[in-house]
Amino acid sequence: MLTYVLRRLGLAVITVFAITVVTFVILHLPPVDFVTAYAAQVAASGSSISPAEADAMRLAYGLNEPLLVQYWKWLSMVAVGDFGRSFEYGRPVTEVIGDRLWLTILLSLGAIVVTWGLALPIGIYSAVRQYSIGDYIFTFIGFAGLAVPNFLFALIIMYVGLRVFNTSVGGLFSSEFQLAPWSWAKVWDLAGHLPIPMLILALAGTAQLVRIMRANLLDELRRPYVVTARARGLSERRVIMKYPVRAALNPFASTIGYLLPYTVSGSIIISVVLSLPTVGPLLLHSLISQDMLLGSTIILMLGVLTVFGTLLSDLLLMWIDPRIRLGQLK
Amino acid sequence: MPNLSRRGLLATLAASPAAMALLTEAARAADLSASGLVGELQGPTMITDPAKWPKTFQEAPMLAERVKAGKLPPVAERIPAEPMVWQPLNETGKYGGTWRRAFTGPADGENGNRIQSSDKPLHWSADGSKIVPCVAKGYALSDDGKTYTLSLRKGMKWSDGSPFTADDFIFWFEDIYGNPEIVPTPTPEMRPRGKPGRMVKVDETTVRWEFDVPYFLFEDIMAGDTAMGGGQAVRQAAKISFGAYAPGHYLKQFLPKYSSLEAVNARAKQEGFENWVQMLHFKKDWELNTEVPVLGPWRTVRPINTAIWLLERNPYYYAVDTAGNQLPYFDKVQFTLAESLEIVNLRAMAGEYDEQERHIDLGKLPVLLDNQEKGNYKVHLDLGFAGSDFMFHVNQSFTGDAEIRKWLTNADFRRALSLGIDRDQLNETFWLGVGTPGSPAPGESMPQSPGPEWRKKWSTFDPALANKMLDGIGLAKKDGDGFRVRTDNGERLRLQVIAIAAFLPYPKLSEMVADQWRKIGIQADVKEMERGLGFAKQTNNEHQLFVWNNGGTELLYLFPTWAVPVIPGAAFGPDYARWYSTGGAQGTKPEDPNILKIFDLYAEAAGLKAEGRTHNAQEIWKILVDQQYGIGTVGQSPAGLGVRLVSNRLGNIAARVCNAQHCRTPGNSHPETWYFKA
């Protein structure tokens, strides 16, 4: 068991190193550097940057150096935990991400809780009461949730919010609280802004998970051990919850590997549409503007989280499913 | 206005051509011309006669408190002996309030730089036609055009109370501009005909520029949105270090010259910067550093790299109104981050911004109008002066494909393409009919306009003539689908168009033109590109047709990029631009005599007085329109920065502001004279 964990950890370190190389190479693939992207943005707002000014910027950002030198500089910084300054923000990358990180995690965790809180009971209900009216209704909502792109859903909700309820659109705070120090009023304001993005984020995931849970559970319910349990007189509730549901949970545990990076940069499009101050839009924007240090740090972070999450889900699977645990020990 | 809520929804969700057609009808119903959306150019009046200046001064309550607490000297000591005096547009304003605006992140610094633009040495009048005093009270050019003298205001101060003098110019010239670690490439604006100019201090309030050759154009450069004349806010942000002057008393502590390399590097390390240069770039940037002294009406109190960029009044701002009130009237300016432009437009409709012209989408005009009452704002359309807000820049130095090059450099081919464009259809669909169709020449109200007859030259819709011309130049052969074929291998002739979504949905507009070109047998493939990538391709000379506007070219010598190939990266012919800008050292010399003629006229103009410069610009425009190097469609519209939403609570608001790059929209309508009526 211990050697298994250690071996996995060793592999994880090598994987992370490979991720740094791939990250760096991919980010430098486009024939565009930060200064070109910046000049284009300035041009697109009716102003201009002269070539002499662009030269000065390239010198200041060290973009004239060969790629290998840039990579080595970056790697030796990252190795000691210094992620550098964002080109665009002019602040340490850790601060720029840090500003948004906990709101992002709060929002994503909330969305995950909502997703699971809705998907698990509904999935169980739909499986146990297959082809009942309730099953059909949930199936219908589920398919609609899968089919409607959630950014469209977000736009519609915002427009309705603006026209009908006259609410401020987008963001996580009302304008009067943006600058205010933390207070209960501000927390309350945040709490008022959270449900809509959480629901939108949760919707598509919920629909998907309901379908998975329903299908898995239906498979399990037809197994002979369920019939046996029933025959031996166990209560219906115990029959279903004790074994089939537990077995049907496997796919949930194996998605944990992707849940971790998701909590940090899930659903970029919705965050952009809803103007949420989260890491997702930051990543998208850093890639468009070729803000190298910021972009590579976020991608590296996602890579590390994926590696770590996969490790975690392996361990979790061993824990909830004795079959895997025993297979491993042999 | 009819109820547009359903159409409004469409506009909010997507700008598909079908939806746009609906919007066009709605806009027509509103009858734009009679609706009062387009007003007269207006602005506050500058009082230059000292006899009419106020003798006593008042200040904002928030500053009066600081004076009372002993933290600030009295207002009379803060205002220069020679202030800038404004008679506000309508009435004397009231102090207070926060001007709420939207911004899209730290790369949107221009959002604030433009309203800070009274830190420019000189500026332009409200209608954009004349150079007027600003930081400097005036300038003079010698008869031979080799010396330019700038006169500063006596007793003027930086926002920290230190005197602003000629020394700040010399500091910039010697210690910033003269240091290759900070400025690796000198600006051509300081090197007429390649010969470097010098800056000399005459006395405390007088600076002189000396050049080896006549350089009359320098007067426009010092007033333009240029490296030299742009002002501290824009030219010393984003690691750029131009702007003609800098706060020497503050920045000296970060330069090795005034202590030692070890000392400044040690300080840099301590403050978390790689080296002293990086530290300097941060320290001189008013968007990031709340401590750097400035001259404009505001100073940053919360930096641009957070969710809110907050500005507060500069207690030493050098302008007053005719009643003696120190400007600005607003206490603060607050920019709130919006992650997408949709959010900016939705929030604007909800009345969450007090004044916003930036990032407002012309395509949403009907919905914006529909929400005027609810959002308590009024919509103004500020028409631009540039000839084309959407045009095809034809790459003259393209070498990627000999056959394509042959046609791109053929004048009749370009003219035929231009005659194949139905500009009225474009105008109705994408400009809601408010643009002016025609050639790329600047609007007739601009001095450099070659004349009204050049608006229609080769720029009408005449597919029959276009077809005849294309047949005549050897492209008569067509394939089974009716498209003209290449002369080298008989395959279909395909033109590649690079379109980036900016100002207007350019890729969609290009598709419409490509569709119109089918009627003249021309196949155009529109490639939508991400902004940075599109520009990289263009700079690398890889484009055939590049879609953009020609904003700024109404002042040809200040912003030539989108008209003539004299600055590297010009879509007209990047390789020719390289040749011209390096004096023939790099790039390729054009063979086309018309381009060489343009180069001659352009180079000569820098040494000519205003009249001669204007004449040369008109001659250049005649060649440009006749040769159709750039194919214009619709211009002089509010497509860029021209849809302005103003809260009904604001006073002293112009019916129309100068919408042009040299005007630093809305900078030259002087937001420091706006105020909250209630």
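Values quoted throughout were computed directly from the atomic coordinates according to the rules given, and no laboratory measurement underlies them. The structure displayed is predicted, hence computed values, not measured ones. Positions of Cβ are backbone-derived with ideal geometry, glycine not excepted, and every protein chain shown enters the neighbour counts.
Once the dipole of the protein assembly as shown is set up with Lys and Arg at +1 and Asp and Glu at -1 on Cβ about the Cα centre, which of B:I595, A:L209, B:T149 lies farthest towards its positive end?
A:L209
Going by how many other beta carbons lie within 10 Å of each one, how would you line up B:K283, B:K195, B:K478, fewest first?
Least to most surrounded, the residues fall as B:K195, B:K478, B:K283.
Rank these for me by crowding, B:H281, B:H123, going from fewest to most other beta carbons within 10 Å.
Details: B:H281 25, B:H123 28.
Least to most surrounded, the residues fall as B:H281, B:H123.
Extending each Cα 7 Å along its Cβ direction at A:L315 and B:K468, get the distance between those two points in nm, one decimal.
A separation of 8.3 nm, rounded to one decimal place.
Taking the alpha carbon gyration tensor of the range B:102-254, what are the square roots of 5 times its eigenvalues, largest first, to the nearest whole Å?
Details: eigenvalues 100, 69, 60 Å².
Values for the range B:102-254, descending: 22, 19, 17 Å.
Run through the range B:234-300 and list the GluC sites (Glu not before Pro) located in a DSSP loop whose Cβ has at most 13 other Cβ atoms within 10 Å. If you can, show how the numbers build up before the last one.
Values: sites: B:E262, B:E271, B:E274, B:E287, B:E291; in loops: B:E271, B:E274, B:E287, B:E291.
Filter output for the range B:234-300: B:E271, B:E291.
If you consider only alpha-carbon coordinates, what radius of gyration and Dmax does chain B have, in Å?
25.9, 86
Under 18 Å between alpha carbons, and skipping anything fewer than 8 positions from A:K73 in its own chain: which lysines qualify?
The qualifying lysines are B:K269.
Could you calculate the contour length gain from B:D412 to B:I308, that is, 0.36 nm times the residue separation minus the distance between their Cα atoms, to one decimal place in nm?
Residue separation times 0.36 nm, minus the Cα-Cα distance, leaves 32.1 nm.
Could you grab the Rg to Rh ratio for the range A:97-329? Cα atoms only, Kirkwood for Rh.
1.04
Provide the FRET efficiency to the nearest 0.05 for the A:L9-B:Q253 pair, computing r from the beta carbons and using R0 = 45 Å.
0.40
Can you give the charge dipole size of the protein assembly as shown about its Cα centre, rounded to the nearest 20 debye, using +1 on the beta carbon of Lys and Arg and -1 on the beta carbon of Asp and Glu?
Working: 98 positive and 96 negative charges, 651 e Å.
Around 3120 debye, computed over the protein assembly as shown.
Where in the range B:480-494 does the amide nitrogen come within less than 19 Å of the point 7 Å from the Cα of B:R518, taken along Cα to Cβ?
Only B:480-485, B:492-494 pass the distance filter.
In Å, what Rg and Dmax follow from the Cα atoms of the protein assembly as shown?
Gyration radius and largest Cα-Cα distance of the protein assembly as shown: 31.2, 112 Å.
Going by amide H atoms built from the backbone, whose H comes under 5 Å of the H on B:V333, apart from near neighbours?
Distant-sequence amide H within range of B:V333: B:W99, B:L311, B:E312.
Taking a ≥ b ≥ c as the square roots of the eigenvalues of the Cα gyration tensor of the range A:241-330, is the shape rounded (a/c under 1.5), prolate (a/b larger than b/c) or oblate?
oblate
For A:L106 and A:A215, compute 0.36 nm times the residue count separating them, minus their Cα-Cα distance, and round to one decimal in nm. Could the numbers behind the result be given before it?
Details: separation 109, 0.36 × 109 = 39.24 nm, distance 3.02 nm.
Computed gain between A:L106 and A:A215 is 36.2 nm.
Which entries in the list B:K477/B:K537; B:K68/B:K94; B:K468/B:K527; B:K157/B:K283; B:K130/B:K457 go over 22 Å, if you measure between the two C-alpha atoms of each?
Violating the 22 Å limit, Cα to Cα: B:K477/B:K537; B:K468/B:K527; B:K130/B:K457.
Picking from A:W102, A:F24, B:Q516, whose Cα lies most toward the positive end of the charge dipole for the protein assembly as shown (charges on Cβ: Lys, Arg +1; Asp, Glu -1)?
Working it through, the farthest residue towards the positive pole turns out to be A:W102.
How many nm is it between the label spots at B:A51 and B:V38, if each spot is 7 Å from the Cα in line with the beta carbon?
Taking the simple label geometry, B:A51 and B:V38 are separated by 4.2 nm.
How long is the gain from B:T92 to B:D488 if the chain were fully straight, where each residue apart is worth 0.36 nm and the alpha carbon distance is subtracted?
Full extension of this stretch gives 135.4 nm more.
Based on DSSP H runs of at least 4 residues, each adding -39500 (n - 2.57), what is the mean residue ellipticity at 222 nm of the protein assembly as shown after dividing by all its residues, to the nearest 500 deg cm²/dmol?
Values: 42 runs with 442 residues, N = 1008.
Roughly -13000 deg cm²/dmol at 222 nm, from the helical runs in the protein assembly as shown.
Starting from the eigenvalues of the Cα gyration tensor, five times each then square-rooted, give me the equivalent ellipsoid semi-axes of the range B:391-635, largest first, whole Å.
Ellipsoid half-lengths, sorted descending, are 27, 21, 17 Å.
What is the local net charge at A:I14, summed over the other residues whose Cβ is closer than 14 Å to its Cβ (Lys, Arg +1; Asp, Glu -1)?
Local charge sum for A:I14: +2.
Return the unpartnered cysteines for chain B, using a Cβ-Cβ cut-off of under 4.7 Å.
B:C134
Suppose each label sits 7 Å from its Cα in the direction of the beta carbon; what would the A:I156-B:D167 distance come out to in nanometres?
With each label placed 7 Å out from Cα toward Cβ, I get 6.7 nm.
Compute the distance from the alpha-carbon center of the range B:482-535 to that of the range B:342-384, in whole Å.
Taking the Cα centre of each part, the range B:482-535 and the range B:342-384 sit 32 Å apart.
Could you give the dipole magnitude of the range B:117-247 about its Cα centre, charging the beta-carbon of Lys and Arg +1 and that of Asp and Glu -1, in debye to the nearest 20?
Once rounded to the nearest 20, the dipole reads 100 debye.
Note down, for the range A:2-79, the three equivalent ellipsoid semi-axes (square root of 5 times each alpha carbon gyration tensor eigenvalue), biggest first, whole angstrom.
38, 14, 9
From the square roots a ≥ b ≥ c of the eigenvalues of the alpha-carbon gyration tensor of the range A:1-133, which class results: rounded (a/c under 1.5), prolate (a/b over b/c), or oblate? Kindly include the intermediate steps, with their values, before the conclusion.
Values: a/c = 2.92, a/b = 1.65, b/c = 1.76.
Oblate.
Going by how many other Cβ atoms sit within 10 Å of their own, how do A:I124, A:I320 line up, fewest first?
A:I320, A:I124
Pick out, from A:F138, A:T278, A:M57, the residue whose Cα sits farthest towards the positive end of the charge dipole of chain A, with +1 on the Cβ of Lys and Arg and -1 on the Cβ of Asp and Glu.
Going by the charge dipole, the pick is A:F138.
Given R₀ = 25 Å, FRET efficiency for B:N540-A:V69 by Cβ-Cβ distance, to 0.05?
Here the calculated transfer efficiency is 0.65.
Projected area of the range B:266-335, taken from the Cα convex hull and averaged over every viewing direction, in nm²?
Details: hull surface 21.5 nm².
With every direction weighted equally, the projected area is 5.4 nm².
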